[in-house]
Structures are given as C-alpha cells and as structure tokens.
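Here the structure is laid out as structure tokens; the discussion comes afterwards.
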Amino acid sequence: MSTEYNKANSNNGGIHVPAAAMVDAFYGVADDRAVAALHAHLAECQACSERWEGLAEKRSASASPVEVSPEFLAAQRRAIYARIERPQPEVWRVWVPVATAAIALTAAVVTFRPAAEPPRQETVIVSTAVNTAENDAQLFSDVYLLEQSYEPSATAPIQALFLEESGRNDAVEERN
Amino acid sequence: MMGLMAEPLFPSQAEAMKAEAGRVEAEWMHDFGAWMTAEQRRIYGLCQRMLQDPDEANSATQDVFLKAYQALQKEDAKTLDDPGRWLSRIAVNTCLDRLRSRKWQFWRRRPQPADEAVILGMARSKAPEGEQQLLASEIGSRLQLALSRLSDRQRAVFTLRHYDEMSLEEIGETLGLDVGTVKAHMFRAVGKLRKELKDLYEGGQR
C-alpha cells in the first residue's frame, strides 16, 4: 500500500484509503508495511478512521448467527443423545466383513475367470490370406474351364440345324 | 466370620461405587449437555456455512458432538485450554471430510435453488436495525452463497475469520496450519470474494 495518501491527507483534503486496502488489512492479508501505513493514516484522517471502525460493525451485521428454531436445536440434541447411547459398532465389525467380501470376490474372479482364447497368430492370418488367394485362383480357373467346356443340352438341336445348313451349303457349292 | 462379614459388605461397596460412578457420569453428562447447548448454534452455523446444506449441516453437527463426547470420555483426554476452539477444529475437520467425500458425488455440485432460498433465509438477520444493518445482512446472504466459489480450505479459513472472528494465528492453531499457509488461503479467498466484500464495506457508505 502506498503511503501517498498519508502525505496528501495531512491537510485533510487528500486521498483516502481505498476500500480494497482496508479489506485486506481487516482480513489480515495486507503486508506489515501496508498495515503500518494504514494505521498512520487512520491516526490523521477522521473519515478513514470512522470507515475503519465501521468495518467491524458491518462484518458483524453481515455475519448474523444462523437462524434456527429452539425446536430444531432440541431435536438435534435428542438425536445426539440417542447416538451417544447407541453402542457404536466396533471397527472390526465393519471392516472384517468388508475385507472378507472383497477377498472372496477377488478369489472368485481369479478362480472362475473364463479361459482366454488362444491369441491369433499373425502367420495364421497370412496363411489365411494365401489360402484365400489360392482359393480365388482355383475358383477363377474352374469357372473358366466350365465356360469352355459347358454346353447346354438344349443347344444340340440348334447346333444340328446349323450343321445341316452348313452341310447343305457344302453340297450346293460342290454342285456348282 | 470374616467371610460372613465380607460377603454382605462387598456388594454394598460395589453398589456404592457404582452409585458414585453413576452420579459422576450423570453430573458429567449434565455438564456436557449444558456445554453442548451453549455451543450448538455456533457449531451448526459453522457447519451450515462450510457445507451450504441444512440437512448435511445437521448431520455434521451431530457427528461433531458425538466425536467430542467420545474424545472426552477417553481417560487420556487432556484438559482443554480452549474447549470452544477445540470443538471448532472438530467441526471444520468433519466438514472438510464431508466436502472431500462430496467431490465423488458429482450430481450435487451446488445447492439447489430451493436450498439456496433456505440458506438465504437462515443467513438473514432476525431483527435488522436500520437500513445499514439490513443492507449488511443482505450482502451477508450474498457473501454466504459466494462461499461456494472458494476451495474447502479457503472457505474454512474465511469462515473462521469472518464469522467466528478468529485471528490468523488462532485459525492456524484450529486447522493445524502455519500462519503463512492460512494467510495464503485467506488472500485467495478475499480475492475471490472481492466484489461482495467491496459492496459490504463500501455499500451505503456514510
């Protein structure tokens, strides 16, 4: 905090302490030099001194106690007495069942874990790829052969016609 | 003969001791009850401000007095220099524990609007005297809601300073922190609440 306002305020017409500086000092977060400067200023400046004194009053007004009914507090006390009289469970009574359950669960998971599938080898994938390629080649070959060799039986009469036609043509040519 | 005489005497001595223990226990419980009644509102207020949830504050207050009772029941419980501060420490730690566990409860990040209204109603002064006090009280309600912007430790530090009027040294002792750490938390808290504090301390300036 600057001490400028001290000098300026010496004739009672200068700068007053900023609210932020007062708040910092009030909550104890201002450094020692700033606090010393503030108090030096307060000794000289009536207006700031009154503001400073007003801080505690305003804090008090803003921090009014939480409003609760006597009935609420009485019920709360009854609940506290009931909890005091109720025997508290021993620590082991809580933790032993929890720990036992956790161990049993872990053991069950480890024991009855489903068998892991054998890892797929990369070579298998490669061989599959090779097989696939071979299969494809075989398939294309078979289709080709089929195309070459296949003659539907329904075409035989038609072929015969052509054959007859070509035979007739041959005879005509021979005659000519 | 001795045996005959000792037999009836022993139960009566035991009964006397039992009665004496019962009387001491009853007296102690009476003292504890009186102390609890005197501190209950303050501790509930502290929990309410820390947790910002009336139901949880109620539960936490019960926890605080139960822990205090159990600690005082122990034979090795040392004489307390400042029971009020000791109780505040239990309350703050109880609330910090609850806030820590609340971090896992992502569905309740902030108070519901209905809860906020309850908080505002609770924070309002019972009988405001004059405009200044009414204004301060209303800003106080805003300030209380603004506490949710602070981290757990910042909220604890600011609450103990603003509402319980503890010095930084006392806060340090209560929370088990050194003064420098308390000051750092307070600095950040004041920075985050700057607007509300400015309105509180400058609003309606004479």
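Structure values in brief
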quantity: Looking only at the stretch A:105-124, and only at residues there that are in a helix (DSSP H, G or I) and at pLDDT below 70, the one that is surrounded by the most Cβ atoms within 10 Å (Cβ to Cβ); calculated: A:V124
quantity: Filter pass, A:A56 being out of contact with any Asp or Glu (no Cβ under 8 Å at 6 or more places or on another chain), modelled with pLDDT under 85, loosely packed, with under 14 Cβ neighbours inside 10 Å and under 24 Å from B:K183 (Cβ atoms); calculated: yes
quantity: Members of the stretch B:32-75 that are closer than 20 Å to B:S148 by Cβ, without any contact (Cβ under 8 Å) to a residue 40 or more places away in the chain and either out of contact with any Leu (no Cβ under 8 Å at 6 or more places or on another chain) or not in a helix (DSSP H, G or I) (or both); calculated: B:D55, B:N58, B:S59, B:T61
quantity: All positions within the stretch A:82-91 that are more than 8 Å from chain B (Cβ to nearest Cβ) and modelled with pLDDT of 70 or more; calculated: A:A82, A:E85, A:R86, A:P87
quantity: Single match in A:A137, A:A102, A:A63 (criterion: closer than 30 Å to B:F65 by Cα, of a type outside the set (K, R) and modelled with pLDDT of 75 or more); calculated: A:A63
quantity: Index of the failed condition, B:E170 passing every other in (1) surrounded by fewer than 16 Cβ atoms within 10 Å (Cβ to Cβ); (2) modelled with pLDDT of 90 or more; (3) of a type in the set (D, E); calculated: (1)
quantity: Residue satisfying all of: in the stretch A:37-53; at the interface with chain B (Cβ under 10 Å from one of its Cβ atoms) and out of contact with any helix residue (DSSP H, G or I) (no Cβ under 7 Å at 6 or more places or on another chain); surrounded by the most Cβ atoms within 10 Å (Cβ to Cβ) among these; calculated: A:A47
quantity: Residue satisfying condition, being surrounded by fewer than 16 Cβ atoms within 10 Å (Cβ to Cβ), modelled with pLDDT of 65 or more and either more than 9 Å from chain A (Cβ to nearest Cβ) or closer than 23 Å to B:K192 by Cβ (or both), within set B:D97, B:D76; calculated: B:D97
quantity: Unmet requirement for B:D178, which otherwise passes all of (1) over 21 Å from B:S141 (Cβ atoms); (2) surrounded by 21 or more Cβ atoms within 10 Å (Cβ to Cβ); calculated: (2)
quantity: Selection status of A:V96, touching a helix residue (DSSP H, G or I) at 6+ places or on another chain (Cβ under 7 Å) and either β-branched (V, I, T) or surrounded by 10 or more Cβ atoms within 10 Å (Cβ to Cβ) (or both); calculated: no
quantity: Matching residues, the stretch B:44-67, being modelled with pLDDT of 90 or more and more than 10 Å from chain A (Cβ to nearest Cβ); calculated: B:M50, B:L51, B:D55, B:E56, B:A60, B:K67
quantity: Residue selected from the stretch A:61-71 under the condition out of contact with any helix residue (DSSP H, G or I) (no Cβ under 8 Å at 6 or more places or on another chain) and in a helix (DSSP H, G or I), by the criterion farthest from the other protein chains (Cβ to nearest Cβ); calculated: A:E71
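One line per residue, one yes/no per condition, for (1) among the small types (G, A, S); (2) touching a Phe, Trp or Tyr at 6+ places or on another chain (Cβ under 7 Å); (3) touching a residue at least 24 places away in the same chain (Cβ under 8 Å):
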{"position": "B:S141", "(1), (2), (3)": "yes, no, no"}
{"position": "B:L145", "(1), (2), (3)": "no, no, yes"}
{"position": "B:S148", "(1), (2), (3)": "yes, no, yes"}
{"position": "B:R155", "(1), (2), (3)": "no, no, yes"}
{"position": "B:F158", "(1), (2), (3)": "no, no, yes"}
{"position": "B:E169", "(1), (2), (3)": "no, no, no"}
{"position": "B:E173", "(1), (2), (3)": "no, no, yes"}
{"position": "B:V179", "(1), (2), (3)": "no, no, no"}
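The values are calculated or read from the model by the stated rules, or taken from the named source; none is laboratory data. Computed from a predicted model, the values in this text were never measured in an experiment. Glycine gets a Cβ as well: all are built from the backbone with ideal geometry, and neighbour counts include every protein chain shown.
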